[in-house]
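The values are calculated or read from the model by the stated rules, or taken from the named source; none is laboratory data. Remember, predicted model here, so these are calculated numbers, not experimental data. Here Cβ is always computed from backbone atoms with ideal geometry, including for glycine, and neighbour counts include all displayed protein chains. Ligands, DNA and RNA are stripped out before the accessible areas are found, and what is left, the full protein with its side chains, is counted by its heavy atoms. Shrake-Rupley method; radii C 1.70, N 1.55, O 1.52, S 1.80 Å.
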Amino acid sequence: TDYGLRSHSTGLATYFREHVRRFLMNTEPKRKNYFDYEQYREDSISWSNDPLYGWCNKNKKPDGTSYDVYKDGLKIYTTINSRMQKYAEEALAEHLSKEVQPDFYKRAKSFKNPPYSDDLTRKEVDDLIMASLKQSDRYYIMRARGIPEDSIMLAFNTRAKMRVFSWKGDRDTTMTPLDSIRYYKYFIRSAFLVEEPDNGYVKAYVGGPDFRYFKYDAITQQKKQVGSTIKPFL
């Protein structure tokens, strides 16, 4: 037998699988848990009107406990087309790695504070980096453990061995966690959603370049410009 554990970060449609998992396991929104009121409002509407939103917590097992997508043997059917999904993932990776990313690297070399453009001041760049630092899992975990702020910053400025993403393959390197944040700011993100317009069936869903390193889902979590929102109608 050829048996091996399957990670949630590998395989086909990783972003979509995570989206479905979160959607089914969502709990009733509480205002205190939200920084953004609009997101709280949207989630509250979904909780009230969409039976699939938070399904595992809205529906109870015979013993009164909530369902668990990992343990309770649920069968979840989706409209994803495996061949279209594979092509979509390959197309996005090819477009970013061979066209968009190399062009951006060339432009970034001329910036004063790369990878940010010259229309931002040094302080604005530092504020953006610090905002990303405070949104990282490492920061949240250390804060939750009651570690002082100065000790957290010391840890972020201490070099450590790590594996990072690159379009030529994963790289083992040594850098500070703060430098790794700057490193990942160089990568262009993109998303790919294929949907049947007459019934809304999602056929392919790619939320980013590599789910192992970029957990941020650009399809559902990223704010869109009005010009991008209107494209499906055009």
Positions within the range 131-148 being under 20 Å from Phe214 (Cα atoms) and either open to solvent by less than 80 Å² (accessible area, probe 1.4 Å) or in a strand (DSSP E or B) (or both), in sequence order: Ala131, Ser132, Leu133, Ser136, Tyr139
Any hit, the range 163-170, residues being in contact with a strand residue (DSSP E or B) (Cβ under 9 Å, 6 or more places away or on another chain), surrounded by 15 or more Cβ atoms within 10 Å (Cβ to Cβ) and of a type in the set (Lys, Arg): no
Residues satisfying the stated conditions in the range 149-177, i.e. in contact with a helix residue (DSSP H, G or I) (Cβ under 9 Å, 6 or more places away or on another chain) and over 18 Å from Arg212 (Cα atoms): Glu149, Ser151, Ile152, Met153, Ala155, Phe156, Asn157, Thr158, Arg159, Ala160, Met175, Thr176
Elements of type helices (runs of 4 or more DSSP H) in the range 7-73, at least 3 residues being in contact (Cβ under 8 Å) with a residue 24 or more places away in the chain, open to solvent by 90 Å² or more (accessible area, probe 1.4 Å) and touching an Asp or Glu at 6+ places or on another chain (Cβ under 6 Å): none
All positions within the range 74-121 that are among the β-branched types (Val, Ile, Thr) and assigned to a loop (DSSP other than H, G, I, E, B): Ile76, Thr78, Thr79, Ile80, Thr121
Residues satisfying the stated conditions in the range 199-234, i.e. more than 16 Å from Arg21 (Cβ to Cβ), of a type in the set (Phe, Trp, Tyr) and within 18 Å of the chain's Cα centre (by Cα): Tyr213, Phe214
Unique match (being touching a Leu at 6+ places or on another chain (Cβ under 7 Å) and over 23 Å from Glu89 (Cβ atoms)) among Ile219, Ile188, Ile181: Ile181
Meets criteria (closer than 23 Å to Pro209 by Cα and touching a residue at least 12 places away in the same chain (Cβ under 8 Å)) for Leu128: yes
